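K.L.:
I'd like to ask some things about the structure below.
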Amino acid sequence: MTITPIELLFYAGGLFILFLTPGPVWVALLARAMSGGFRSAWPLAFGVVVGDVIWPLIAVLGVTWIVDQASWFMDVLKWVAVAMFITMGILLIRHADKELSENSSLTRPGMWAGFIAGVVVIMSNPKAVLFYMGVLPGFFDLTRVTGWDIAAICFLSFLVPLLGNLVLAASVDRVRGLLKAPGAVRKMNVVAGWLLIGVGVVIGLS
C-alpha cells in the first residue's frame, strides 16, 4: 500500500464529519426505526453500503485515468477538494435552519424493502461520484494508488457511515428527541459546517 495510516485516519475523520450532517439517510433511518425499531432500520443501513462502495470506486478509477492523461490535473483536483469542503461548510452554516423532509417511499415495512430503500437513497444522487472525484484527491495521491489502496478507501467509505447509521438507528429515541429540540438541527449543522471548513483549510495547507 502507498497510503499511510495517517492519511486513512484523516479521511475517516472527514467521512465522520460528513455523516454528522443530517440528510435523507438520517430521515429514512429515523422514520424506519420509529415505526419498526432497530430491526426495521438496520437493513437500510446496509443498503446504503452499496452506494458508499460504488461511488468512491468509480471516482478513484475515473480520477486515476484522467491523471494518467494529464498529470497536472491532480493539483487542480486538490484545490477543487479544498473549495468543495469550504463551500459545503459555508452552505451548511447558511442553511442551518433547513428542516429535514421525509420521503414515505423509503419507510415501507419489511427487511428487503429497507435494504432497497437504502440503495435508493444513496444511489439516487449521481452527484455523489462528482463529490468523491473532488474530495478524494485532497486526501490521497491517486497517481500512486494500488489495488489495496483502493480497497482501503472503499472499505472506509462504507464502514464509517455504516457504523454511524447503526448507532443512529439504535439510538432512535434519544436522536428523535434531539432533532425535535428547538435549534438542535441548526446547532448540529453549524458545528458540522465549521468542521468541514476546517478540513478544507487543512487540505489546502498540507
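K.L.:
Can you tell me which residue among Ala83, Ala128, Ala70 is of a type in the set (A, V, I, L, M), under 25 Å from Leu195 (Cβ atoms) and modelled with pLDDT under 70? Steps first, answer last, please.
P.N.:
Values: Ala83 fails: modelled with pLDDT under 70; Ala70 fails: under 25 Å from Leu195 (Cβ atoms).
On inspection, the qualifying residue turns out to be Ala128.
K.L.:
Tally the residues that are more than 16 Å from Leu163 (Cβ to Cβ) and either surrounded by fewer than 16 Cβ atoms within 10 Å (Cβ to Cβ) or over 15 Å from the mean Cα position of the chain (by Cα) (or both), restricting the search to the stretch 39-55.
P.N.:
Count: 2.
K.L.:
Does any residue in the stretch 1-22 that is more than 15 Å from Pro137 (Cβ to Cβ) come within less than 8 Å, Cβ to Cβ, of a residue that is acidic (Asp, Glu) and open to solvent by 30 Å² or more (accessible area, probe 1.4 Å) six or more places away or on a different chain, and which pairs are these?
P.N.:
Close Cβ pairs (under 8 Å, with a partner that is acidic (Asp, Glu) and open to solvent by 30 Å² or more (accessible area, probe 1.4 Å)) do not exist here.
K.L.:
For the stretch 12-38, enumerate the residues that are under 19 Å from the mean Cα position of the chain (by Cα) and part of a loop (DSSP other than H, G, I, E, B). Full working, then the answer.
P.N.:
So the first thing to find is which residues in the stretch 12-38 are under 19 Å from the mean Cα position of the chain (by Cα), and the list is 12-30.
Within the stretch 12-38, Leu20, Thr21, Pro22, Gly23 qualify.
The values are calculated or read from the model by the stated rules, or taken from the named source; none is laboratory data. Remember, it's a predicted structure, so these values are computed and weren't measured experimentally. Reconstructed Cβ throughout: ideal geometry from the backbone, glycine too, with neighbour counts over all protein chains shown. These accessible areas exclude ligands, DNA and RNA; they are computed on the full protein's heavy atoms, side chains included. Shrake-Rupley method; radii C 1.70, N 1.55, O 1.52, S 1.80 Å.
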